[in-house]
């Protein structure tokens, strides 16, 4: 047996072989950052969808840490400014959840598209895998704007060759079973459902 032969040779030279059962130290968990807005931090940090993603990671024994970089009210421009804080050297995956506030404020769709594309390109230059979360907006600024806004996310994802969650709030928006009083931000049940939606797209990036 290789172990027995090693022991004999080491005995002959007066040294002791390393134990075959000695375990190498585990590498530190890898880092996945969620760069988002209020949808990433409601109803609370502890009940948010990034926290529920962490629970799934832990349940499967995966060595990943989710870092929640969500900030209330952030637009894609705000996310672009905060990008260096999220794209640290130990970040391997970026979940990009921004754009809802752009739609609420009627920001030109070309601007939103350019900001998302820049964040993704910066991440990819750092060899960070990106998952883009799609969003819709109300026709407050007209149906043409709402349609153009809808097209931002699939177009950006296709051009950057990144996976896309088609609509982060699928089955949640305006549903009182899953939202708080405003009908948009998730309650605890809604955050769990968002995590279910995101997980199917995120898990392949963690393996």
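Data for the structure
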{"quantity": "Extreme residue, nearest to the chain's Cα centre (by Cα), among residues of the stretch 79-118 that are free of Cβ contacts under 8 Å to residues at least 24 places away in the same chain and closer than 25 Å to residue 43 by Cα", "calculated": "85"}
{"quantity": "Conditions (1) at pLDDT 95 or above; (2) surrounded by fewer than 23 Cβ atoms within 10 Å (Cβ to Cβ); (3) touching a helix residue (DSSP H, G or I) at 6+ places or on another chain (Cβ under 8 Å): number failed by residue 143", "calculated": "(3)"}
{"quantity": "Any hit, the stretch 101-111, residues being part of a helix (DSSP H, G or I), more than 22 Å from residue 182 (Cα to Cα), modelled with pLDDT of 95 or more and in contact with a helix residue (DSSP H, G or I) (Cβ under 6 Å, 6 or more places away or on another chain)", "calculated": "yes"}
{"quantity": "Residue 153 vs. criteria in a helix (DSSP H, G or I) and under 16 Å from the mean Cα position of the chain (by Cα)", "calculated": "yes"}
{"quantity": "Extreme residue, farthest from the chain's Cα centre (by Cα), among residues of the stretch 191-207 that are surrounded by 19 or more Cβ atoms within 10 Å (Cβ to Cβ) and without any contact (Cβ under 8 Å) to a residue 60 or more places away in the chain", "calculated": "193"}
{"quantity": "Selection within the stretch 176-187 - surrounded by 12 or more Cβ atoms within 10 Å (Cβ to Cβ) and either without any contact (Cβ under 8 Å) to a residue 12 or more places away in the chain or under 19 Å from residue 114 (Cα atoms) (or both)", "calculated": "179, 183"}
{"quantity": "Top-ranked residue in the stretch 160-175 [being in contact with a helix residue (DSSP H, G or I) (Cβ under 7 Å, 6 or more places away or on another chain) and within 25 Å of residue 122 (Cα to Cα); ranked as surrounded by the fewest Cβ atoms within 10 Å (Cβ to Cβ)]", "calculated": "163"}
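The values are calculated or read from the model by the stated rules, or taken from the named source; none is laboratory data. Remember, predicted model here, so these are calculated numbers, not experimental data. We place every Cβ from the backbone using ideal geometry, glycine too, and count neighbours over all the protein chains shown.
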